[in-house]
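> Structure provided below as structure tokens; questions to follow.
The values are calculated or read from the model by the stated rules, or taken from the named source; none is laboratory data. These figures come from a predicted structure and were not determined experimentally. In this analysis, Cβ positions are derived from the backbone assuming ideal geometry, glycine residues included, and neighbour counts consider all displayed protein chains.
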Amino acid sequence: MIKAVLFDLGDTLIKVDGTGGTVPHATEMLKRLRTRYKLGVICNATKATGEEVDEILRKAGIRDFFDTVVVSTDVGFAKPQIEIFKIALGHLSAKPSEAVMVGNRLETDIAGANAIGMKNILLQRGQKYRSQSKELGERPNLRVRSLRQVPAAVESLGFDIFYQGAYLMLSFLQNVKSGRIAGDEIERIVENESYQLMMKHHDLTKERMSIVLQSLITRDTPQERVERIVFDSLTREMERLEKIEDFLNNIQKNWTRIAFISTKTALRYLPAETQIESRIHFIFGGHSDGYTVGEENIVFNIAMFLGYLTYLEIVLPHELHHMGLSSVEALKLKPRNPREEKLNLLLGGTKGEGLATYVMSRAMKTRRVDLWSRTYQERMKDINKHFQAIETELLEIGQGKDSSSKEELYDKFFLRMGIAYFVGCRMAETIEKSLGRDLLINCIHKHPAEFFLTYNVAAKMKKEEYIFSEKTIEILCDYSDNRRKCTFEFVA
């Protein structure tokens, strides 16, 4: 977890053209980071003292963002010496592994951060600093072209990544295939944290998962449905283990770039104060490609992405948006009865999955790929029919006429990217195109019923084909428990 961010001064935060002004986007970037990290400055100075550097920052209007300012002339050490980094980290009560250095020079900022074990970001705003790393110690974790990209870069460097589960399964299946089985391999897999999350997602106990793995050895297909699904998936993967291993190694090699691109995409549709703290696990087996477990774990079945890193860059923002959404949703709905429980699922699920699917569609467009768009286009062709299905269910629940259980409701609208994903996606798209991205993001803080109400206003402005009925609006307003907030007036 990242707790602190340290910055170089000249041409990273403050221009060195004699004006004393800030580098573009410095203030907005610092405002965003300040909401969740301790911030500091490490400055190599030839003559200026700490007091003088403080005054430079104060005149630029950014001194109050920083918890510490460490200047080489005051402490007797200069970057890349690790002593100056130790002093700054000590002031911030952060370990090197808990901090990120942002600077524009390889030989001082990046080399020093690498030497002490800090993650680091190289700012390359123009040709002046577009040098390549000649030494291993000068290689940055990430390169960015603007300070505006720094928050996403810092977030992405803070993810905890777990590959062990995939390698454990890889070794097990290689041994099954060759007839060499170690006695403790099954136990190691079912005790692995990543596979325990997979088992939770598929509703498998350790005992049932052990049966699946033992069945792979004996070649006996399990009888129970879920065990059979996992067994069949792992049996298929046994025929392409070399490709899986190569792909897993390729993910590790490209992970920093993938995480950065995906985080930028997700943060674009989240409020400024968002925290995305995620533990990302790589495994293979089962029928899902990527899914969240709890409020901090994302699990990826790499067999579903095999050979397509870009597909991972499309799905990861969707899952990261879920992580961010859980950190900023102020309203946690507590149902008082089964009716409200089903309304929470239908409205909240359509909003949450819809926004995340919209982020996915933006990523798909940005990456210029067609890997997922067949399903997307097919669902969008019948989008009015899907809207009608959601509204019909909403009316029946609202009027107390619905007899389906919460589980049946989930299967009908959400199972395996059900139609609620695509209805919510179209709602998000309509809101952004009619009212702007800020109003779309503002829906995140509000009751999910107001996401539907905001869509209706946007749909009327945009003259969309599907607009919710007055009876549905009445139910939504009543359920949000605040009729004043249900009144939307926009001046054209």
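One line per residue, one yes/no per condition, for (1) closer than 19 Å to ASN301 by Cβ; (2) in contact with a His (Cβ under 9 Å, 6 or more places away or on another chain):
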{"residue": "VAL176", "(1), (2)": "yes, no"}
{"residue": "ILE211", "(1), (2)": "no, no"}
{"residue": "ILE229", "(1), (2)": "yes, yes"}
{"residue": "ARG236", "(1), (2)": "yes, no"}
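> Within the set of pairs 6+ apart or on separate chains, which have a first residue in region 218-234 that is in the same structural domain as GLY286 (by TED's automatic domain parsing), a second that is among the basic types (Lys, Arg) and part of a helix (DSSP H, G or I), and C-beta atoms under 7 Å apart?
THR221/ARG228; PRO222/ARG228; GLU227/ARG208
> Can you find, within region 43-55, the residue that is surrounded by the most Cβ atoms within 10 Å (Cβ to Cβ) among those that are free of Cβ contacts under 8 Å to residues at least 60 places away in the same chain and under 19 Å from VAL5 (Cβ atoms)? Break it down into steps so the answer makes sense when it comes.
Restricting attention to region 43-55, the residues satisfying the condition of being free of Cβ contacts under 8 Å to residues at least 60 places away in the same chain are 43, 45-55.
Add one more test, that the residue is under 19 Å from VAL5 (Cβ atoms), and what stays is 43, 53-54.
Details: CYS43: 26, VAL53: 22, ASP54: 16.
Only one residue tops the list, namely CYS43.
> In addition: Is it true that some residue in region 28-48 is at pLDDT 95 or above and at positive phi?
no
> If you go through region 86-102 one residue at a time, how many are within 26 Å of ARG145 (Cα to Cα) and touching a strand residue (DSSP E or B) at 6+ places or on another chain (Cβ under 7 Å)?
Here the count works out to 7.
> Turning to a different aspect of this structure: Would you point out which residue out of TYR167, TYR163 is within 27 Å of ASP246 (Cα to Cα), in contact with a Phe, Trp or Tyr (Cβ under 6 Å, 6 or more places away or on another chain) and of a type outside the set (Asp, Glu)?
Selected residue: TYR163, the only one of TYR167, TYR163 that is within 27 Å of ASP246 (Cα to Cα), in contact with a Phe, Trp or Tyr (Cβ under 6 Å, 6 or more places away or on another chain) and of a type outside the set (Asp, Glu).
> For the structure I just gave you, tell me whether GLN275 is surrounded by fewer than 19 Cβ atoms within 10 Å (Cβ to Cβ), polar (S, T, N, Q) and closer than 30 Å to GLU432 by Cα.
It is true that GLN275 is surrounded by fewer than 19 Cβ atoms within 10 Å (Cβ to Cβ), polar (S, T, N, Q) and closer than 30 Å to GLU432 by Cα.
> When you go through ILE84, ILE14 one by one, which is the residue that is aliphatic (A, V, I, L, M), crowded, with 19+ Cβ neighbours inside 10 Å and under 32 Å from the mean Cα position of the chain (by Cα)?
ILE14
> If you check THR19, THR35, which single one turns out to be surrounded by fewer than 16 Cβ atoms within 10 Å (Cβ to Cβ), in contact (Cβ under 8 Å) with a residue 60 or more places away in the chain and not small (Gly, Ala, Ser)?
The conditions single out THR35.
> Of a type in the set (A, V, I, L, M, F, W, C), within 22 Å of LEU213 (Cα to Cα) and either crowded, with 17+ Cβ neighbours inside 10 Å or not assigned by TED's automatic domain parsing to the domain that holds LEU355 (or both): which single residue out of PHE282, PHE260 fits that description?
One residue alone meets the criteria, PHE282.
> Same structure, new question: Out of (1) farther than 26 Å from ILE314 by Cβ; (2) modelled with pLDDT of 95 or more; (3) surrounded by fewer than 20 Cβ atoms within 10 Å (Cβ to Cβ); (4) under 30 Å from the mean Cα position of the chain (by Cα), the odd one out for ILE467 is which?
Just one mismatch for ILE467, condition (4).
> Limited to region 68-108, what total is found for residues that are touching a residue at least 24 places away in the same chain (Cβ under 8 Å), farther than 20 Å from ILE56 by Cα and acidic (Asp, Glu)?
Selection size over region 68-108: 2.
> Sticking with this structure for a sec: Please specify each residue of region 407-465 satisfying the condition of being among the charged types (D, E, K, R) and closer than 16 Å to GLN388 by Cβ. First the steps, then the outcome.
Taking region 407-465 as the starting set, the residues that turn out to be among the charged types (D, E, K, R) are 407-408, 411-412, 416, 426, 429, 432-433, 437-438, 446, 450, 460, 462-465.
Of everything in region 407-465, those that are among the charged types (D, E, K, R) and closer than 16 Å to GLN388 by Cβ turn out to be LYS412, ARG426, GLU464, GLU465.
> Related question: Kindly indicate the residue of region 161-215 that is in a loop (DSSP other than H, G, I, E, B) and among the hydrophobic types (A, V, I, L, M, F, W, C) and also nearest to TRP255 (Cα to Cα) among those meeting that condition. Before the answer, list the steps.
Going residue by residue through region 161-215, those that are in a loop (DSSP other than H, G, I, E, B) are 163, 179-184, 192, 202-205.
Subsequent filtering for residues that are among the hydrophobic types (A, V, I, L, M, F, W, C) retains 181-182, 204.
Numbers: ILE181: 31, ALA182: 31, LEU204: 29 Å.
Step by step, filter region 161-215, then rank; the result is LEU204.
> Checking the conditions here, which among LEU435, LEU440, LEU476 is under 22 Å from the mean Cα position of the chain (by Cα), farther than 30 Å from HIS287 by Cβ and buried (at least 20 other Cβ atoms within 10 Å of the Cβ)?
So the residue among LEU435, LEU440, LEU476 that is under 22 Å from the mean Cα position of the chain (by Cα), farther than 30 Å from HIS287 by Cβ and buried (at least 20 other Cβ atoms within 10 Å of the Cβ) is LEU440.
> I'm told ARG240 meets every condition in (1) among the basic types (Lys, Arg); (2) under 19 Å from the mean Cα position of the chain (by Cα); (3) more than 30 Å from ARG143 (Cβ to Cβ) except one. Can you identify the failing condition by its number?
(2)
> Within the set of pairs 6+ apart or on separate chains, which have a first residue in region 177-191 that is assigned by TED's automatic domain parsing to the domain that holds TYR163, a second that is charged (D, E, K, R), and C-beta atoms under 8 Å apart?
Listed by first residue and then by second, the contacts come to VAL190/LYS206; GLU191/LYS206.
> Among the residues of region 25-67, count how many are under 26 Å from the mean Cα position of the chain (by Cα) and not β-branched (Val, Ile, Thr).
So the answer is 15.
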